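All remarks here apply to the structure that follows.
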Amino acid sequence: MKIVAVNGSPRLIGNTSSALSTLLDELEKSGYETEQLQIYDDELLPCNACMSCRLRKDGRCINENDRFNDYLQSMYDADAVILASPVYFGSVTSQMKIFMERAGLCSRYGGQRLRRKAGAVMVVQGSRGGMMAHAELVNFLLDCQMVVCPSSECAVLTAEGPSDLEGEPRNLSIIKDLGRELAWLTARLRE
């Protein structure tokens, strides 16, 4: 079984990437194949609501000038999806927002291909705004009819500067708990 993580951070080596790596390591220990998608590698173009996805019904975006459709196909092929973003001015990053807008429409009009997949979210805040960003990501999963993974605490991690993630024991506890719960949920949904 495969779990795909979408990293909305512009930093390839930063707190969000570090948190995702720790989470994916936990999932690999449980026997899952994992993949981390770095969507900032591309300059994703925003959705312009052309509604070609609605007309074509193939679950793809008509814009082929970036790797968005490859990323989306990875999500379709996975058993579970994790969305992760740092908090930028009280919200997810602009690149994650673009990704969600395009993925949401393509999935919806392409036969709800994300329906009933397990989904988890994780955000990294400096000091505030994490709950709003967390809610945005959860709302995306719900709009795509995914099953949102529960955990003992919302996966809102706090790290004010580079490499601060490991300095807070609560962060590691949340990541490990989310990994255990997502492994369990994904397996249950495949039964």
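Taken together, the values in this text are just the output of simple stated rules run on the coordinates, not laboratory data. None of these values were measured; they are calculated from a predicted model. Cβ atoms come from the backbone with ideal geometry, glycine included; neighbour counts cover every protein chain shown.
Within segment 56-89, report the chymotrypsin sites (Phe, Trp or Tyr not before Pro) that DSSP leaves as loop and that have at most 12 other Cβ atoms within 10 Å.
The qualifying sites are F89.
At 1.567 mPa s and 4 °C, plugging the Kirkwood radius over alpha-carbon pairs of the chain into Stokes-Einstein gives what diffusion coefficient in µm²/s?
Stokes-Einstein gives a translational diffusion coefficient of 79 µm²/s.
Taking Cα atoms, how many degrees apart are the long axis of helix 68-77 and the longest axis of the chain, rounded to 10 and kept between 0 and 90?
That helix lies at roughly 70 degrees to the long axis.
Fewest Cβ neighbours within 10 Å first, please rank S173, S85, S9 accordingly.
Least crowded to most crowded, the residues run S173, S9, S85.
Got the relative contact order for segment 124-186 handy, in percent, Cα pairs under 8 Å and 6 or more residues apart?
Value for segment 124-186: 37 percent.
Output needed: percent of Cα pairs per 5 Å distance bin for segment 1-101, bins running from 0 to the one holding the longest distance.
2, 13, 21, 22, 19, 13, 6, 3, 0
List the GluC sites (Glu not before Pro) in segment 1-97 that DSSP assigns to loop (not H, G, I, E or B) and whose Cβ has at most 14 other Cβ atoms within 10 Å. Which are they?
E43, E64
Just want the ordering: I82, I13, I98, from fewest to most Cβ atoms lying within 10 Å of their own Cβ.
Exposure proxy ranking, most exposed first: I13, I98, I82.
Taking the 0 to 90 degree range and rounding to the nearest ten, how far is the long axis of helix 130-143 tilted relative to the main principal axis of the chain, both from C-alpha atoms?
Tilt of helix 130-143: around 40 degrees.
Between D77 and L189, what is the label-point separation in nm under the 7 Å Cα-to-beta-carbon projection?
Simple spin-label model gives 1.8 nm for this pair.
Any chance you could give the angle, 0 to 90 degrees and rounded to 10, that helix 94-109 forms with the longest Cα principal axis of the chain?
Orientation of helix 94-109: about 50 degrees from the principal axis.
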